[in-house]
1. Neighbour counts of other C-beta atoms within 10 Å: give me B:ARG245, B:ARG315, A:ARG539 arranged from fewest to most.
2. Nearest 10 degrees, 0 to 90: what angle lies between the long axis of helix A:238-248 and the longest principal axis of chain A (Cα atoms)?
3. Please report the net charge: other residues with Cβ closer than 14 Å to the Cβ of A:LYS454, K and R +1, D and E -1.
4. Give the percent of DSSP beta bridges with both residues in the protein assembly as shown that are antiparallel, rounded to the nearest 5.
5. Taking all pairs of different Cα atoms in the protein assembly as shown, averaging 1/r and flipping that mean, what Kirkwood radius in angstroms comes out?
6. Relative contact order for chain A: what percent, with Cα pairs under 8 Å and sequence separation of 6 or more?
7. Work out the charge dipole of the protein assembly as shown with +1 on the Cβ of Lys and Arg and -1 on the Cβ of Asp and Glu about the Cα centre, then indicate which of B:ILE223, A:GLY547, A:GLY370 is farthest towards its positive end.
8. Work out the length of the dipole vector of the protein assembly as shown about its Cα centre, built from +1 on the beta-carbon of each Lys and Arg and -1 on the beta-carbon of each Asp and Glu, and round it to the nearest 20 debye.
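Please treat every number below as a calculation from the coordinates, not as lab data. Worth saying up front: this structure is predicted, and the values here are computed from it rather than measured. Backbone-built Cβ (ideal geometry, glycine too); neighbour counts: all protein chains shown.
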Amino acid sequence: MLFSFNWLKQYIDLTNISAQKVGELLTLHSFEVESIKKNGSDWILDIDVLANRGHDCRCHLAIAMELAAILEKKPKQHYQNLTSQKIALARGKLRPINIKVQSNKQVPRYAALVIENIKVAASPKWLVGYLEAIGGRSINNVVDLTNYIMCEVGQPMHAFDYDKILALSPEREMIVRLSRQGEGVVTLDGVERELTAGILVIEAGKKLIDLAGIMGGQVSEIGPETKNIILQASCFDGPTIRRATKLLGHRTDASDIYQHNIDPNLADLALGRSIHLLKEMTGPVRVVQKIDFYPEKKIAKQIKLDLAQANSLLGVELSRDKIIQILQSLDFVVQKSNSGGKSIVVLAPTRRLDVVMPEDLIEEIGRIYGYKKIPAKMPYINLALPEINQQAAYKNQVRRSLINWGFNETINYVFTDKSSSLALPLQNPIAKDKICLRMNLIPGLAQNIKNNLKYFSAIRLFEIGRIWCQNLNQNKQLIIHEKESLAGVLLSSDGKEPFFLLKGFVENLIQSFGISDIWFDDALAKDESAFLENDFNVRALAQIKIGDRLLGYCGELRDFAGSIAVGFELDLDVLTQETISERMYEPLAKYPSSVRDLAILAPPETKVGQVLAEINESNVLELVDVDLFDLYQGEELDDKKNLAFHLIFQSSKKTLTDREVDIFMAKIIKNLQEKGWEIRR
Amino acid sequence: MDLSQILFQAQKEARELKNIQQWEDLYRKYLGKKGKLSDALVALKDLTVEERKKQGQAINHFKQELTQLLAKTQDQLRGSLKAGQRFFDVSSPAVKIPQGHGHPIMEIRRQMEEIFGSLGFSVIEGQEVTSEYYNFDALNIPGDHPARDAMDTFWLGQNNQRSESMLLRTHTSAMQVPYMECHQPPFKIIIPGMVYRYEATDASHDYQFYQLEGLMIDRDISIANFKGVIDVVFQRIFNRQIKTRLRPGFFPFTEPSFEIDLSCVKCQGKGCTLCKQTGWLEIMGAGMVHPNVLRSAKLDHSGWQGFAFGMGLGRIAMIKWGIDDIRLFFSGDLRFLKQF
Ligand SMILES: [Zn+2]
């Protein structure tokens, strides 16, 4: 919001203080000044008034008051001084306006003056100058006056042509109410607006004449022919105005102020000030009627402030006098204190709608005193160990391992174009292809590979992130499940089967969590997840299992012309639950081991896993390890598979003799032969 | 200077070499800093343009011949030294070991966890999908509050089949009350995680971004303490003396509230394009926890007080590494990711 430096100087002495210095002070104590630009002999400050001061600081007088408090100066002119003149009522010829406020919840106060015989003319130079300096436009003296008062004291105003209202409603009745669906009004900017229900409007003789708090209607506009006016300074409910601007898709400087709620007492100041300025501009002014609908007068709020609490929250030692001085400089009234001077009772001016509790006062004290002057101090607290966050620690472990193995961490957007009954849909998606929350990480990573193919032929990526799904519970309510997932993808260009490289990474990763009973099972089409079908080549897809528990999937990805990409996705919650963090030392073997080789000829569909399982189930306790060292399939073997293993035997009690190992081998061979596999010698 | 004469001389000397020491002397004499080649090059400057062109070509040829000669004689000497051994070239390229990289935002998160962890802060992670209540109402942001406009929200569909409206959290502050509901003060926590806002994207805005929330509640925690804590944190993160400043701000869930600026890391406060000539970088919002928030969590607000803050880790990464477009973080572009 734009402010004129010269305008501010009307209320406070700023000689020897530059606009830049003022900007810096406001930034540090009140509101950020975003820019300071030269404008002739003036400077224009763009001030970002905070949302909680939108009701009282979107005007020059309030900013000047802030500066007065910061600089510890008395303002030149005080709020009270501005309204020193009482508004005198004169006898006139005009018959009184009847105001009917039908929705008094939305209108805390409706105040207006009926003024007779006004001279509508061009505005004086000074007025045009100020308005133009802050980006406004001069229309005529009456309209300019209402805008000037708004930018001066923060009360939006509006002037109606009395005679135009009289023409609409011979009973001179103005009704303030909420709009009905389908009503219309042509506003001052010439736009015909069709209204939905619930917008605050003013009606005269069945015709809408005003969008209250936003913009006046053309039908009662002030023009050169205007003689008598109704000058309005009202208070409308902030949320109602804000909703209306949203419904209309139209906001104005007035609605920007009104939407924050304003102090209903401000109307007196604004009306008094306008009469004073009107007189200055046009000579004697005849006010013939005062309209004031004000059912519940707003009074100053009393707040008790514990001085020790203030210092404790700020972390300083401010004296009672200093605290009182700061509060008074902001127009707060400090009443007699009780409880032996440990606390004070403060009356906040009614325009400070934002100040309702002690912490609000403490903020005022802190910012005017200056956050800069509060020293940085480490807290004195009891030493305590932070809680262990196992999940976060495991994620960091996964991250470290994968990065060490050449994987690059990526983070993808969580939105997807894939919808299903299980997916969580968005009510307001940001784009047509972002309608649901992702149910898996793999699709995003597969897309990453495609995007990177232009620059890289070997790609390793992983992501740790949230995935979602939903289902109905017994009470037919949708329950949301949010899970932490881990996925990785790999694309290699060296021509080797990448599935087994990835399988190696997955095994290593899971084993690093102390889990040993992992195995890879065929993933069957019946596996419910639709994503398997969409994203994986079901031909080469495995379930990763810990015992009977499904941990995730690992397999070839679809759709990569030329090279094979593979990927895995794991449920990190399951991994965390299955992790064995306590490990015991196993004594080193005292006796040497013996190694024997074993080659088996088996039908082509035989799985290595099956053979390994049979070897291990031969009931030989001394068999401590089995390694596959050769796998060959060829025509000369009638398409059979040749599998060669190293078998390692060891006893914890003694050195095994050749004879003993022969017996073990015979036992194993017998078992395998019973399965119909041929042993090659 | 007759270069072919010199070359002839060099060939002669090369034949008489006995060991690698002599070879090194020879190398110095011809190809060293003050060698014959260097002399020839220096002499060039006294020639006319035409002559220089011609002589330049001759020097090039001379250099090639000399280099070949020396390389050959070196190999011969080496070979005789290691007679019977396999020729071994240590200068051949290494086996390529794939090098992985962490995501820059996760790198900042890790550092934050480390720094705050050493100050005794616990790391908490919450749900990204949460209720309207925890994201707004519990934080003193009721339904008609203007602050809701500033945080445009992604609402989840099918709300008629749920007991309450659900959304993607617009800030990590949404975790404050759920945490406080099941923990007794004193506590100090950080909450890193993804947040979402329905807004148009550009180089400095994205509809998904990574935040880090902090919350410290105890008996006597002050603004002075907040300053103490964040000063050391930023000094560690940026690895240098950093100044911070507080200026008034507004958040419904803190009172007092402030914005925190960092002295510009690029120009040290003198003014540059990064800090838009102000010398300061806006880094985060913070404040003293609002009594209504403590009330939402059913904590006795007269006994406990403390600070809360929230910062965008993407913003910190951008400042730290000079990244100029926030959308790169979630692009999955390896040319970007491999730099961290
Ligand atoms: Zn800078």
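1. Values: B:ARG245 17, B:ARG315 20, A:ARG539 7.
Arranged by neighbour count, lowest to highest, B:ARG245, B:ARG315, A:ARG539 become A:ARG539, B:ARG245, B:ARG315.
2. In chain A, helix A:238-248 runs at an angle near 70 degrees to the longest axis.
3. Working: positive: A:LYS450, B:ARG335; negative: B:ASP333.
Taking every Cβ under 14 Å from that of A:LYS454, the sum is +1.
4. On the way: 154 of 163 bridges.
For the protein assembly as shown, the DSSP antiparallel bridge percentage is about 95.
5. Working: mean 1/r = 0.0279 Å⁻¹.
Result for the protein assembly as shown stands at 35.8 Å.
6. Working: 1206 pairs, mean separation 59.9, N = 681.
Taking the mean separation of contacting Cα pairs over the length of chain A, I get 9 percent.
7. The residue sitting farthest along the positive end of the dipole is A:GLY370.
8. Details: 125 positive and 125 negative charges, 679 e Å.
Using Cβ point charges on Lys, Arg, Asp and Glu, the protein assembly as shown gives about 3260 debye.
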